[in-house]
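Structure first, commentary second.
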Amino acid sequence: MADRAPRPLPPRSLVLDTDGVLLDSAGLHATAWKTALDACLETVAGEQQPPFDADAEYRRFVDGKSRYDGVAALLDARGVELPVGTPADPPGCTTIWAVAARKERAFVDLLHTEGVTAFPDVLPALTALRTEGVPCAAVSASRHARALIRAGGLDALLAVIVDGEDSARLGLAGKPDPALFLRAASLLGSRPPRTAVAEDALAGVEAARRGGFGLVVGVDRTPLRSAADALAEQGADLTVPDLTTLVRSVWGERG
């Protein structure tokens, strides 16, 4: 019998998106986006523009991106022009930054009324990875991510957190630019080809692919796995329904 080819070594570290992968917060973000964008579209274009689609348009244009980049992408796709404005603009519809601020206010309001929790599979998956000696990092464009991760009891299992505060301080570009992921891998002491990325957003999968990461995993938590094909088409090497499946598939069998 011919010798079996050696199995490739699993990635030595893992970088995880936060919203929709670690925390059950993507729904809150989608609702906040709809609150802000529907008001803007109605104010600027009236009946000429249909309401924001909190499923298809959310995934295609805003999921995983910074507030400013998400607003700009959606308005560009709709053919709606607004002045850029400045980050100091108050919530409203007069500039891109004002719409971004309106989304932020809507999200904070939802956090206060509904809160955010970690998905049930996250704690056991991160614990198993720690046992395997696989360091993990969390990445998010949100300035709230670090506090929410801490509130979810996950911070002790993450070696690194890179969030919106870090992005602003260091001038890191948002997804689909790989800068956030590359920063996280660097802080883990891991080169991209030996690092895996777990993402639920198309922009995040694109960023991981552009960053040269060795394994790009699409996490599809939708009830019918309806996002799996789109994640694979965007460049995911593997799609999984949760993190325990990821750990079992990639690190669970060493022989």
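Each value in this text was obtained by applying a stated rule to the coordinates, not by laboratory testing. These figures come from a predicted structure and were not determined experimentally. Cβ atoms come from the backbone with ideal geometry, glycine included; neighbour counts cover every protein chain shown.
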Quick one: 3J(HN,Hα) in Hz for the stretch 157-171, Karplus 6.51/-1.76/1.60 with θ = phi - 60°, rounded, Gly and Pro as x.
9, 10, 6, 9, 10, 10, 10, x, 5, 5, 4, 5, 5, 9, x
Counting other Cβ atoms within 10 Å, which trypsin sites (Lys or Arg not before Pro) in the stretch 1-109 have at most 15 and lie in a DSSP loop?
Arg4
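Given +1 on the Cβ of Lys and Arg, -1 on the Cβ of Asp and Glu, and no further charges, what dipole in debye does the stretch 85-244 carry about its Cα centre, rounded to the nearest 20? Walk me through the numbers on the way to the answer.
Details: 16 positive and 19 negative charges, 83 e Å.
Dipole size: approximately 400 debye.
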Residues meeting the amide H criterion for Ala118 (H placed from the backbone, H to H distance under 5 Å, 5 or more places apart or on another chain) are Asp24
Report the convex hull volume per residue for the stretch 155-220, counting only C-alpha atoms, in Å³.
88 Å³
Could you give the radius of gyration (one decimal) and Dmax (whole number) of the Cα atoms in the stretch 113-255, in Å?
14.5, 48
If the viscosity is 1.306 mPa s and the temperature 10 °C, what Stokes-Einstein diffusion coefficient in µm²/s follows for the stretch 137-191 when Rh is the Kirkwood radius over Cα pairs?
141 µm²/s
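Could you tell me which trypsin sites (Lys or Arg not before Pro) in the stretch 175-232 are loop residues by DSSP with no more than 16 other beta carbons within 10 angstrom of their beta carbon? Each step should come with its number before you reach the end.
Details: sites: Arg183, Arg194, Arg209, Arg210, Arg221, Arg225; in loops: Arg221, Arg225.
When the trypsin sites (Lys or Arg not before Pro) of the stretch 175-232 are filtered for loop state and at most 16 Cβ neighbours within 10 Å, Arg225 remain.
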Would you please calculate the Kirkwood hydrodynamic radius of the chain over all C-alpha pairs and express it in Å, rounded to one decimal?
18.7 Å
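Compute the signed sum of charges (Lys and Arg +1, Asp and Glu -1) over the other residues within less than 14 Å, Cβ to Cβ, of Ile96.
Residues near Ile96 contribute 0 overall.
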Rounded to the angstrom and largest first, Cα extents along the principal axes for the stretch 27-114 equal 33, 30, 22
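Among the GluC sites (Glu not before Pro) in the stretch 58-140, which ones are in a DSSP loop with at most 16 other Cβ atoms within 10 Å of the Cβ? Mind listing them? The partial results should precede the final answer.
Values: sites: Glu81, Glu104, Glu114, Glu132; in loops: Glu81, Glu132.
In loop regions of the stretch 58-140 (DSSP not H, G, I, E or B), the sparsely surrounded GluC sites (Glu not before Pro) are Glu81, Glu132.
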Summed over the other residues with a beta carbon less than 12 angstrom from that of Gly212, with K and R at +1 and D and E at -1, the charge totals +4
